Every structure is written in C-alpha cells, then in structure tokens.
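Notes follow once the structure below has been shown.
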Amino acid sequence: MLDQAYYDKAQEIIEQHGVAQASLIPIIQDIQTEYRYLPPELLSFVAKQLGINEAKAYSVATFYENFSFEPKGKYIIKVCDGTACHVRRSTPILERLYSELGLSKNKATTDDMLFTLETVSCLGACGLAPVLTVNDKVYPSMTPDAATELIQELRGGEA
Amino acid sequence: MRKIENRTILNEIQAETKQKIDQTRMRILICAGTGCLAGGSGEIYERMCELVKENPNVEVKFGAEIAHEGVENHIDIKKSGCHGFCEMGPLMRIEPQGILYTKVKLEDCDAIFHRTIEKGELIRHLMYKQDGMEYPKQEEIPFYKKQTRLVLKNCGHIDAEHMEEYIATGGYQALAKVLFEQKPEDVVNEIMESNLRGRGGGGFTTGYKWQQVARQKETTRYIVCNGDEGDPGAFMDRSVMEGDPHKMIEGMMIAAYAVGAQEGYIYVRAEYPLAISRLKLAIAQAEEAGLLGEHIMGSDFSFKLHINRGAGAFVCGEGSALTASIEGNRGMPRVKPPRTVEQGLFAKPTVLNNVETFANVPMIILNGTDWYKSIGPEKSPGTKAFALTGSVKNTGLIEVPMGTTLREVIFDIGGGIKDGGNFKAVQIGGPSGGCLMETNLEISLDFDSLKKMGAMIGSGGLVVMDDHTCMVEVARFFMNFTQNESCGKCVPCREGTKRMLEILERIVEGKGELGDLDLLEELATMITETALCGLGKSAALPVMSTLKNFRNEYVEHIVDKKCAAHVCQAMRRYVISPERCKGCSKCARNCPAGAISGQIREVFKIDNDKCIKCGACESACAFDAIHVEG
Amino acid sequence: MGYMTINNRKVAFTDEKNVLSVIRKSGIDLPTFCYHSELSTYGACRMCVVEDERGKVFASCSEVPRDGMVIYTNTPRLQHHRKMIIELLLASHCRDCTTCHTNGTCTLQKLANQLGVSFVRFENNKPQVPIDESSDCIVIDSNKCILCGDCVRTCDEVQGVGILDFAFRGSNMKVMPAFNRIMADTDCVGCGQCRTVCPTGAITIKQNISPIWQHISEKDTRVVVQIAPAVRVAVGDKFGVPKGENSLGKLAAALRMMGFDEIYDTNFGADLTVMEESAELVERLEKGENLPLFTSCCPGWVKFCETRYPELKKHISTCRSPQQMFGAVLKEDARVNPHDGKKTVVVSIMPCTAKKAEIHRPEHFTDGEQHVDYVLTTTEVTRMIQEAGIDLSTLEPEALDMPFGIASGAAAIFGVTGGVTEAVLRRLVNDDSQQALQEISFTGVRGTDGLKEAVVTLGDREVKIAVVNGLANAGKLMDQIQSGEVYYDFVEVMACRRGCIAGGGQPLPIGPRTKKARVEGIYRVDSMAQIKLSNENPIVTTLYDGLLKGKEHKLLHNHTDAE
Ligand SMILES: Cc1cc2nc3c(=O)[nH]c(=O)nc-3n(C[C@H](O)[C@H](O)[C@H](O)COP(=O)(O)O)c2cc1C
Ligand code: SF4
Ligand code: SF4
Ligand code: SF4
Ligand code: SF4
Ligand code: SF4
Ligand code: SF4
Ligand code: SF4
Ligand code: SF4
Ligand code: FES
Ligand code: FES
Ligand code: FES
C-alpha cells in the first residue's frame, strides 16, 4: 500500500484529464512524470477510477516502452540507436556506458538509484549524431570517452 | 494580442506586424531547435540579450514581452526554430542582411555584438566554409541554394513562439480565404486537384481521403495529425512542429472546415518534448486570439484541438494503431475495413494526415493548384522534406521539389561523402524502406519512381552510407528495430521478424550458412504478403533490397567469414604488425581479456581465441602497430 | 447480395459479414485460429489468407464480400504461407502433444497435420514459464499459447469480465491477468468460456480424474454421481453420437461399467431448486423486498455479481444451486442411512468449470461439511470413459438409480438459457396442460438472444422478468437496474451464452451447429418427459415429507455468516 498522498496526487491528475478511457495514457504519463515511474498500485487505482479492467490497464501500460513499474534512477540516460546514430557508431557509446555503470540490457538502473540507462530509436537530433540525452537534455556528437566524462561529471555533482 | 473577430482584424495584424518587422534595424534569430539548444544556443540567446541591454547605444527589443512595439531602429532578438543545418549549429541568423553564423560559441557573442551588430562587420570564423569558399549569407550556402524551401520556409526565419510572426508571413490567410470565400466541397476539390499526396509514407492522395470523410453519413468527424515520426533518422515533422507550428495547425483547420470536423488531435511522439511545448503554446495563442474555438473569425466554423503524447511505440504511427492509442488502448493496428475514413478515431469518420501534408495545405489554398502542380512531377507535385544523415558532409534537414535526383541531394546539397569516403548506399524511408546503391543515384525522388525500385519515400529519412558500412549489419540493424517494434498481433510479423533477425544475427556472428539466404527470402516473402499492417508488410524490405543489391556481402560473411567493412565484431581479427611493433607492452596492459602476450622490446602477439574484439589495444598502441583484418 | 468467384466456381452470397463466411458456405473449410463468429474480428493469425485475381493476398475473415470478387483459396503460394505460419507457431511452442490435455482436440495440432507441416526449421528459444494451476476451474499454460486473442476477446466482449489480456508486445507478448497474477488472485468467475475458444492446450480444464478412479477402487467407499442437465446432450460428441442426442442412458451404463456405485440425475436437484426458488419469489413479491430476485444456480454469475455488483448481492436467491441442493441431500442421506458403513463420495458431472469452485464455497457447506466432493466436467468424464476403453455409442441405455433418479421436464431445461425461468413459471402457474405449457414457452423466455424479457400475470400481479445469458449482457443489465433505467421482479442469469449447453467444461468444438443441436436436444428431453412440473415429481414430495422435513432451509439454502 502506498502512502495516501500518492492516491491523492493520482486523483488530482485524473480530475485534470477527466474520467474516460481516452485519458488513461495521459494520466499514467503524468503519474510517471511525477514519480519517475508508474507505481503499480496507482495503475490499479487509475483503472478502478476510470472503470477500466485492471488487465486492460496493465496491458496498455506494458505495451508502451515509456512506462516503467520500477523506480528509475535520478539521471535517465537515453542513448540514441536510431539509424543516423547507429551508422555514426552509437553502439560503442552504449557499450562504454554499460561497462562504466555496471549495467546491461537486463539491468537498467544502478543500485544506488543514480543512473538509468536506456536506448531510444531517434531523438530527432540526427544531424548531431550520435546523441544521447540525460533527463531530456541533449548531448550531441558523443564518443565513448565523452560518455565516460559525462558520467564522472554527473557523479561528481553528487559528491 | 487582439482577438481576431473578423478577417479585417487578421489583415490589420498582418500589416502591423510586418511593418514592425520591417522597421527593426536588425533581427537576430538564434536557433532554438533541439539540435542548437543542445549545442548551447539557449545560453547564447541569454548572453546576446544581456549584451544588448548593457549597451545604451542600441535600442533593443527582445523575446516575447516586447516584441514589435513599433519603435523604429531597434534590434530584435528572437529564438527561431530549426534551420535544418543542425550539424553546423548553434546557428545565428542576422537580418536584414541574411547573415548566417555557424558553430557559434558563447565566447563569440561579444565579438558578434561589437563587430557585426554595432559596426556591420562580418566575422570570418563564424561563416560557413566549403571547398575553400566562405559564405556569409545563408541563401548562398550550397546546402540552401539548391533547396526549395516551401514547407520549411519559415523554419528558422520566424519566432515560433509568437503567432503574430506567422500571421505576418501571411499565416491564417488561407483559412480566412476558405472560410469566407469557399464552400467546404470547393476546398476538397481544390486539394484533390492539386494532387497533394500524403507525406507520411504511403503517398495516398489527400483530397481523396478528405472527400471520403466528407461523404460519410455520421456528422461527428475528427482531424488527426500524425506527428509520431517514428522512423529513426527522420526529423522533418519535428522541425515543422517546433519551428512553424501554426502552419500545420492552419492546415488542420482547413481540413476540418473542408470535411466538417469539429475536433482535432495531434499525436506527437514523446521523444519530442520541445515540439509538444511549442504546439501547446501555439494552440493557447490561437485560442486566445479566437482562431481556435467557437465561431472562428466570426464565421460558423468552430474547431477544438488536443495534443496527445506518444508513449514509446513506433507502430503507433500506423493510422489505426494511432487512433487506438488516442482512445487509450494498446497501439495495435486493426484490420480494415472499416477504414479510418469511415470509422477512425472513436469509430467516427477521421482524416488522418501527416504533419508535412497539413503544412502543405495553406500554401496550396493561397497560391492555387496550378502553381502547386508546377513544382515537381505532375503525379507527385510539390516539395518533400528529407532528413539527410549518415556519412554525408552536410547532414540536416532539406527540402527539394519532388523528382530531384538522389545524386543532387547527396552530392550537391549534402556535399558528398564525409571524410573523403566512398558512397556505398543510401537507406531511404527508414526501417520500412530499402537500400539503394550507386547505380540508383539518378533515380528521381518521388512516390512512384521509388516504388518501382522496391523502395519508398517513407517519411523521408535519407541515411547515407559509405564503404565503412556493412550492409548485412545494416539489414540486421533494421530488422532488430522492426522486430522490437512489432506490436506482436499477427503471426507473420511477430514470429517471422524474430526468425529473420535470428538468422541475420547468425550471419554477422560468422555462423551463417548459405541455406540461410533462401530461408531469409522465404520468410521475407511470406511476411510481406501476409502481415496485417504496414509495419510487417515492409519489415523485410531492407533485407530484400540488401540481398538484391549486396548479395556478395552476405556470401562473404557466410563463406569467407569476412566483413569487408570491418564492422562485424565477430569477424574482426586484431593483428599486430611485426614491422611496427616496438614491444612497449602498452597493448597487453590495456587488454581486458589478457589476449596479448610478449616480451618487452620484442614483437607482441594477439591470441585471437581469447580476444573479445574490444579494440582497446588498437587505440592504446602509440605506434599504429595494431590493425584489424577481417 | 451478389456473386463471387471462388476457385473458379460462382458462389452467391447474401448478408455474410466477411469473405471467409462465404467461402465456408461454399463448402471450403479455410483454416483459422482467430476467427469466431461471435467475437470481434481480430485478423491476427493470417491463416485465412486468400488471393485475388491480381495476386493480392488478404485475410478473408476481415474483408467484406463484394459482387464480382474473384478469389482463390488454395494456390501454392497460399499453401506455402499457411504452412510457414504453422511452422513459425510451432517453433515457439511447447510441442509435447502426446502428453497434452488437448491432444486430439487441438486446432494447432489438427492444422499442422492437415496442412502437412513436416518440419520446423527454427529453434524454440522462448523462455518457459510456470503453468498456473491456482484456479479451481481452469489451468493456464502460456507455453502453449499462440496469441490468437480468442480468450481475451471472449473474456472481455462476451463475458465482460476482462481477466485475461495481452501484456507486453512483439515477441514478448503474452496473455495474462493484470500484473501477471495467478488466476486464483483474480476475479475470474471460472466460467471456462476462454477455454472453449482456445485453439490449443494453453487454457484447459482443471482435471479431477485421478482421485475419482482412486475412490472407485476403494472398497469402503461408495461413489455417488449426479449428472447435470446439459451433460446428456454433449457427452456423446466424442463417440460419434449425433450432436445433441440425449445420451443419459448410455452414460449411466458406462458409469456403472466404470464402477460408480449410484447414478443420479442433477435434474432432481433442479426440481428442488424450482420448489425453493418459486417460493422465495412469491415471498419476496409479497413482501416487496429485494426485488428483482436473481437466480443463483450459475456460480459464474454469482461470483460475477459478488465482485462487480456487491451492492446487488442481496438480490441473489439464497437457494443453493441444483448441484448443491442435491449434494446436500445426498450427504444428509448418507448421514441418516447406514449404506453398509461405507464412506460416501459425491461426484457431479457438470458442463461447467465454475461448478468446480462452487463446491468449495463455505456458504454452501452444511455444518461445515462440503457436499459435493468432486466435479467432473463432461470433457473429463469423456476422457474417463475413453480410459476405461468403453465406446459409449454402442452401449444400451440404462436407467438411473433410485430413489433420486426421477426428474421433471422443467428441470431438464435448466441446461439452456431461460430454462430456470420457464420451470419456475410452470411451478407458479401450476398447470401442466399442453396449452398452459405452451403459453409459458411463448412468453419470450426461450431463444438464444442475450437478453430476453417477459411479463407474466401471477394472481393479480404482473411479474416482469428478464433472462440474460453471457456475463457482458448481464453486466449491461445490472448497470441499467442500478441506474433505475429498467425494473424487473425476476432476473435469470446464465454466465455462458445460451446457457450450460455451451458451458466451459463441455466437449469441443462448440460451433454454431453444435450449439443449436444441444439446445434442441434439451427441449426434446423436456417434451419426452412424463412429468412436466417440478412439484409433480413424486420423489420431491416424498423427500419434503421425509428426509428434508424441518431441514429445508438448512439443506437447500445458503448460509452466509450474517445468518
Ligand atoms: C508502422 C508504420 C509507421 C508509420 N509511422 C508514421 C509516422 O511516424 N508518421 C506519419 O505521418 N505516418 C506514419 N505512417 C503512415 C500512416 O499510417 C499514415 O499513412 C499517414 O499518417 C497518413 O498521412 P498522409 O496521408 O498525410 O501521409 C506509418 C505507417 C506504418 C505502417
Ligand atoms: S504486422 Fe506487425 S506491427 Fe502490424 S499488426 Fe502485425 S504484428 Fe503488429
Ligand atoms: S581487441 Fe580487446 S580483447 Fe582483443 S586483443 Fe585487443 S584489447 Fe585484447
Ligand atoms: S602497444 Fe603497439 S607497439 Fe606496444 S607492444 Fe603493443 S603493438 Fe607493440
Ligand atoms: S497445444 Fe496442441 S500442438 Fe501444442 S502440445 Fe498440445 S496438442 Fe500439441
Ligand atoms: S505421432 Fe510420431 S511423435 Fe507422436 S507419438 Fe506417434 S510416433 Fe511419436
Ligand atoms: S474462466 Fe471466464 S472469467 Fe475466467 S478468464 Fe476465462 S473467460 Fe474470463
Ligand atoms: S490462451 Fe488460447 S485462446 Fe488465449 S490467446 Fe493463447 S492460444 Fe489463443
Ligand atoms: S451457465 Fe452453466 S456452464 Fe456456464 S458457468 Fe453457469 S452454470 Fe456453469
Ligand atoms: S538517429 Fe539518433 S537522433 Fe535520430
Ligand atoms: S536545431 Fe538549429 S539548425 Fe537544427
Ligand atoms: S482467421 Fe483471419 S486472420 Fe485469423
């Protein structure tokens, strides 16, 4: 059971969007923005409030890549592996970040909850390929070494 | 801003704003597109504002608050949308001279202010250079010179966050024209006659779509704008939404008037936060001015607009998946019939068009179909925006008349291959497109010619590849993308792409067999012919086109276990050349796999069984003694 | 209306919704996994692809017939594509046919055989997931799922329950309840309708066969069995008995051969239900309390009402279901009578998977004792008969045992939607003349519509009746009742469309023709019955005067904690 405050917040978001199935995605997007992940309890709560079957809500939430039931790190790094970035060698950058952060395809978030590493296909900044973003800020023309530096910088900011 | 209660007010605002802009001594437009912002254009904007403010000699107006106040001889500092030349960013355009400064840094701001703005001097190191030539003016840069920017005309040239600027360029005049001079069916006919074809990929005749919706019995109708732009390597729609949002909104409103729709939805992918905020701002401004809402400009036409954010699913670009997503469902395409024009969003008749398609509409209305048809081939008229990326000198967003050849685009506009490499192939239309090669360079870029070649314009991504690209790996890359993005509904696509990917992975890992090529073709045909939606139907195109055009590379990978482009890791062999190795041991110390051994001052050796092909040794060696074979 | 050319033959069509139906009507059986005429068109399996004269391939289930269409259904290209689709499905499928519950009835297996798929060139690298056996009613083995979505649409569109849905996407897609919960932790009503549409062994009936063989073999155990109304018209399916034919006598013979000790008819329990429920209706009508009265004989419905409409729970009749009334009587009889000191095990043979859960509901217990020990579905009993090596079709029908082997025609029709209502009305009108019976059957309670309405005059009062089948229809009705939009005095609900003849435990396949034959079969049982009214069943009277005396409420009604 989550703290009541979570449900109140969710209720507030529901009211902003209105009670309708069409509001489901915008509502859970806002919840995810609020908490940086989608607490499963809140998905059930929203389903109930909207009168949608829980299985349906779960099925919607798991269909889209952006929703995560697991809390994400403070810095969400998205490495672009779109075509433009791929042909300009984004893979080594991703690999460097995996090894730098001790993460893998199956483990996206560091244990200290500082970093979450994801890939995206195209951020629409292909002219600057290869790119990555940290919490939506775009870092252009990356290299593996620049990625290492970036991580150190972010870690440094934490110390 | 004044409420635009009628057409006269619109005309007044246009005239006033235009006059104000003309009166300004200088307009400084700092690109605030995603790319340039990433390069620091936000700080550059701030700095320029400060500089101008500190200096009592110049009268300055900047940003939103004090735009166009009718003071003569002042300087306007503006944030613009993307110029499409992001690689050269951050960009700064200075009007009326039309100067374009490239790769501007924060440190350059003082010089720009004191020299260019105060004294009118040009700063050489900020000018674009190509082949030894310096280009002070944007319009003369080869990249721009060869383009015909109609849809993207305003991008970079107006402040996207202020509706008056759009109005000043003639914005919303097309809407006024249809509202007060044309009947809805005239508008449909005009679009039909213009031969405007959908820019979202399929090239479907827009007028026909509108006509079908207009003919439905059901009177609740929707206009949906597809701004999902999922093709990796494409960002035309993003630029329009960020740089000139009102143009697209105006197009949607004209469509709504033509087909009798009352509400519209814009579906934007979540990866475009800036586009979303610019659109929201644009809608808010239009609502405030009475251009959206009830009785627009005093007419009987009313229209409401909503924005939906995607949530990360490429397949939602497909029409029925997109509407399912807006309705709050899984974005799974559904069978047709019923078609979107009959039962689209909320099972009501729906016009679904792409961003660029809508952005074409106002100018067709204003300039007429004859004018429009004079651009490009008769059957695919108009221009097309392409995202030119990959191994080309000038990457960026371009717009050319339909029918321009690939060669012109890649070599004249794109400046040819980067770093002196050789052209190998160009991938057109993203993961659902095909790979064209050298011999296809003369092909004219329009819907029909490409279709004949087994490729398609798709959304307009053009990824240029040089000889450092492995075509098998490229095919694997695209298959990986499609497989990952398959919604999973139908068997051919869900299971078939998975198996194709497995085979391709096998081949790039050096474990392929010749029979695999037949199996790939067999799967490709089956998937193409039986899949439910466009994603599956076109999923095999990259494989089929590379198999057709670059079969030798597949065979090489399978038979010789060789990747000529040295891309496929598994086939890479790191070798130390005895002539160059000084025996310094640095490579051995850097090797994470302990694969390198040797005695100091003697030639070192790599054990390729242990080597994990990480490449650390290659970069470690100060004597260039390590290279790749494979 | 129009003509199309199918494989060079001209075929007329009228109001067929899709090309597939026209093709099938023309006598060609196109293979399908994801098409069911009662579900929305999904178009995912692509097995039904056909080709037009220009070589365009399309799915026939989702194309509208047009005049002048020219199509081919079996070109080499199509054969190839279909085979490859099966090959791809099999490649990601656990292929342990020999030990699979659906071995022999599996559509995937059948089509692989029919299309001659003789190799699978891909490795099965799908991670295996645990089988979910947590539900009393159904077993879910996702490893065998081919993602046709039939169960998802059935549970959602037909049943309005929406327990199963897709999760994730692409090749990671799976069918599961929310958050991948086990079925026992969901509000699944156990109707098993998902199982009846599943083309593979991914959803099967929870099996209770082995303990029953065990009990039969125990010398000190008396295994008593009751057979539900809808079983008799379906149990012959697998033995070549014509669809819908009453095989009760043959079944009795088979059960005896297998070693069951006493064989009774649940219809007798249904007669008791009619007595109790009609009394309850009269009482509620008089008091004007808790109206409408909802029937309680379908456990799928009862659970649906409890979970979805808890506020309406008090409307549900307190009567136990026929199986439970009969179970209570049998256990009471075992308590009162010595039966050679043997332990009594009560088994019921039901068309229904939900009944497997019903027997465990505490409010159905009397003094803490469970009445029915095991529920076997028609499908399981079919298997047992096969295991015993008996060919049901060749057996001479035998009579059931006494004293509980007699039942009325009113009880028999419990097997179809509207039956309970009709039986109650017969009891209340209390007139077994041909004319009276006909009048009741014409009130509108018969037929396969999802919602039927009838108005009947009882005494000086008009009684408004609704008969619904399919829980989605029930849900709609409940919403209307709650909002006050409609008013009824009596509402009969059967969870399964058309009632128990199409229950979750019935032999598959249950196509439109089978359904029709079973409905007709049930009404035939009624028309052949000597006794038409429950209250005229002599054993019912005897029982009320004997075993049940003073214990009617205790044995025949549910006891919630409140009581
Ligand atoms: C898998 C898939 C992805 C698509 N993605 C897009 C997209 O990102 N943007 C777009 O405009 N159209 C996309 N389309 C095409 C749309 O389905 C549709 O044809 C188009 O939006 C119609 O607009 P138009 O007629 O203006 O081109 C996609 C189609 C498929 C099958
Ligand atoms: S082709 Fe692929 S994306 Fe399209 S419906 Fe089928 S599985 Fe989904
Ligand atoms: S490529 Fe990496 S693993 Fe191989 S020898 Fe060089 S450093 Fe060692
Ligand atoms: S780093 Fe270069 S020079 Fe030194 S041992 Fe290795 S190969 Fe030889
Ligand atoms: S589900 Fe069908 S194909 Fe699969 S193992 Fe069972 S019988 Fe065989
Ligand atoms: S069909 Fe073949 S595989 Fe199956 S049991 Fe018989 S012999 Fe074995
Ligand atoms: S048994 Fe009935 S309620 Fe349960 S999942 Fe299946 S269809 Fe749904
Ligand atoms: S469980 Fe059965 S019915 Fe449901 S999707 Fe899987 S195969 Fe189809
Ligand atoms: S209708 Fe009959 S078979 Fe279906 S759940 Fe109810 S009692 Fe069981
Ligand atoms: S491919 Fe990386 S930003 Fe477009
Ligand atoms: S973002 Fe500035 S040119 Fe594209
Ligand atoms: S039956 Fe037509 S696609 Fe499955």
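The values are calculated or read from the model by the stated rules, or taken from the named source; none is laboratory data. All values reported here derive from a predicted model rather than from experimental measurement. Note that we place each Cβ from the backbone using ideal geometry, even for glycine, and neighbour counts take in every protein chain shown. Areas reflect the complete protein model, heavy atoms only, side chains present, ligands, DNA and RNA absent. Shrake-Rupley method; radii C 1.70, N 1.55, O 1.52, S 1.80 Å.
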Check: Out of region C:430-477, which residues are open to solvent by less than 60 Å² (accessible area, probe 1.4 Å) and assigned to a helix (DSSP H, G or I)?
Finding: C:ALA436, C:LEU437, C:ILE440, C:SER441, C:LEU471, C:ALA472, C:ASN473, C:ALA474, C:GLY475, C:LEU477
Notebook entry, point to check: When only residues in region B:512-528 that are without any contact (Cβ under 8 Å) to a residue 24 or more places away in the chain and of a type outside the set (Gly, Ala, Ser) count, which is surrounded by the fewest Cβ atoms within 10 Å (Cβ to Cβ)?
Noted result: B:ASP518
Check: Taking the condition modelled with pLDDT under 95 and either of a type in the set (Phe, Trp, Tyr) or closer than 20 Å to C:GLY470 by Cβ (or both), does C:GLY511 pass?
Finding: yes
Item checked: Which numbered condition C:ALA112 fails, given (1) open to solvent by less than 20 Å² (accessible area, probe 1.4 Å); (2) more than 10 Å from chain B (Cβ to nearest Cβ); (3) out of contact with any Asp or Glu (no Cβ under 9 Å at 6 or more places or on another chain) -> (3)
Next item on the list: Return yes when C:GLU16 is surrounded by fewer than 21 Cβ atoms within 10 Å (Cβ to Cβ), charged (D, E, K, R) and within 16 Å of ligand 9 (Cβ to nearest atom) and no when it is not.
Entry: no
Check: Taking region B:394-433, which residues are open to solvent by less than 10 Å² (accessible area, probe 1.4 Å), assigned to a helix (DSSP H, G or I) and within 13 Å of another protein chain (Cβ to nearest Cβ)?
Finding: B:GLY430, B:PRO431
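Check every one of the strands (runs of 3 or more DSSP E) wholly within region C:155-212 and list those with 2 or more residues that are within 12 Å of ligand 7 (Cβ to nearest atom) and closer than 25 Å to C:ILE385 by Cβ.
Qualifying strands (runs of 3 or more DSSP E): C:203-205.
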Next item on the list: Please state which one of B:ILE596, B:ILE576, B:ILE606, B:ILE600 is open to solvent by 70 Å² or more (accessible area, probe 1.4 Å) and more than 16 Å from ligand 9 (Cβ to nearest atom).
Entry: B:ILE600
Next item on the list: Have a look at C:GLU157, C:GLU123, C:GLU133 and point out the one that is open to solvent by 40 Å² or more (accessible area, probe 1.4 Å) and under 30 Å from C:LYS476 (Cα atoms).
Entry: C:GLU157
Item checked: Residue check for B:SER444: of a type in the set (Gly, Ala, Ser), away from ligand 5 (no atom under 16 Å from the Cβ) and surrounded by fewer than 24 Cβ atoms within 10 Å (Cβ to Cβ) -> yes
Note to self: On the basis of being among the aliphatic types (A, V, I, L, M), surrounded by 22 or more Cβ atoms within 10 Å (Cβ to Cβ) and at the interface with chain B (Cβ under 9 Å from one of its Cβ atoms), does C:LEU88 make the cut?
What the structure shows: yes
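Regarding C:ILE205, is this residue open to solvent by 20 Å² or more (accessible area, probe 1.4 Å) and in contact with a helix residue (DSSP H, G or I) (Cβ under 9 Å, 6 or more places away or on another chain)?
For C:ILE205, the condition - open to solvent by 20 Å² or more (accessible area, probe 1.4 Å) and in contact with a helix residue (DSSP H, G or I) (Cβ under 9 Å, 6 or more places away or on another chain) - is not met.
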Check: Somewhere in region C:3-19, is a residue touching a helix residue (DSSP H, G or I) at 6+ places or on another chain (Cβ under 7 Å), assigned to a loop (DSSP other than H, G, I, E, B) and away from ligand 7 (no atom under 16 Å from the Cβ)?
Finding: yes
Notebook entry, point to check: Does region A:102-120 contain any residue that is within 14 Å of chain B (Cβ to nearest Cβ) and under 24 Å from B:THR469 (Cα atoms)?
Noted result: yes
Margin query: Being facing chain B (nearest Cβ under 10 Å), touching a Leu at 6+ places or on another chain (Cβ under 9 Å) and either among the β-branched types (Val, Ile, Thr) or open to solvent by 20 Å² or more (accessible area, probe 1.4 Å) (or both) is the filter here; which residues of region C:53-84 pass it?
Written below: C:VAL57, C:GLU63, C:LYS83
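Residues are listed down the side, and each one gets a yes or a no for (1) surrounded by 16 or more Cβ atoms within 10 Å (Cβ to Cβ); (2) on the phi < 0 side of the Ramachandran plot; (3) more than 14 Å from chain C (Cβ to nearest Cβ); (4) away from ligand 1 (no atom under 16 Å from the Cβ):
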| position | (1), (2), (3), (4) |
| --- | --- |
| B:LEU532 | yes, yes, no, no |
| B:ALA539 | yes, yes, no, no |
| B:MET544 | yes, yes, yes, yes |
| B:ARG551 | no, yes, yes, yes |
| B:LYS562 | yes, yes, yes, yes |
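I'm checking my understanding of the structure. Among residues of region B:317-340 that are outside any helix (DSSP H, G or I) and of a type in the set (Val, Ile, Thr), which one is nearest to the other protein chains (Cβ to nearest Cβ)?
The selected residue is B:VAL335.
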Next item on the list: Check off (1) open to solvent by less than 50 Å² (accessible area, probe 1.4 Å); (2) more than 10 Å from every other protein chain (Cβ to nearest Cβ); (3) touching a Leu at 6+ places or on another chain (Cβ under 7 Å) for A:ALA146 and give me the number that stays unchecked.
Entry: (3)
Item checked: Considering residues of region B:447-472 that are buried (at least 24 other Cβ atoms within 10 Å of the Cβ) and out of contact with any strand residue (DSSP E or B) (no Cβ under 8 Å at 6 or more places or on another chain) only, the residue modelled with the lowest pLDDT -> B:CYS470
Item checked: Within region C:25-45, considering residues that are more than 21 Å from C:GLN109 (Cα to Cα) and away from every other protein chain (no Cβ under 12 Å), the one nearest to ligand 5 (Cβ to nearest atom) -> C:LEU39
Next item on the list: Please go through region C:160-177 and pick out each residue that is within 16 Å of ligand 2 (Cβ to nearest atom), more than 8 Å from every other protein chain (Cβ to nearest Cβ) and surrounded by fewer than 24 Cβ atoms within 10 Å (Cβ to Cβ).
Entry: C:LYS174
Checklist line | Some residue of region C:178-185 being surrounded by fewer than 24 Cβ atoms within 10 Å (Cβ to Cβ), more than 8 Å from chain A (Cβ to nearest Cβ) and touching a helix residue (DSSP H, G or I) at 6+ places or on another chain (Cβ under 7 Å) | finding: no
Checklist line | Condition met for B:LEU352 (within 14 Å of another protein chain (Cβ to nearest Cβ) and either in contact with a strand residue (DSSP E or B) (Cβ under 6 Å, 6 or more places away or on another chain) or within 16 Å of ligand 5 (Cβ to nearest atom) (or both)) | finding: no
Check: Consider C:PHE404 against the criteria (1) part of a helix (DSSP H, G or I); (2) closer than 26 Å to C:SER534 by Cα; (3) in contact with a helix residue (DSSP H, G or I) (Cβ under 6 Å, 6 or more places away or on another chain): it satisfies all of them except one. Which criterion is unmet?
Finding: (1)
Checklist line | Odd one out for A:GLN49, checked against (1) surrounded by fewer than 20 Cβ atoms within 10 Å (Cβ to Cβ); (2) facing chain B (nearest Cβ under 10 Å); (3) modelled with pLDDT of 95 or more | finding: (2)
Notebook entry, point to check: Name the pairs whose Cβ atoms lie under 7 Å apart, with the first residue in region C:95-117 and at pLDDT below 95, the second surrounded by fewer than 18 Cβ atoms within 10 Å (Cβ to Cβ) and not in a loop (DSSP other than H, G, I, E, B), and 6 or more positions between them or separate chains?
Noted result: C:ASN103/C:CYS97
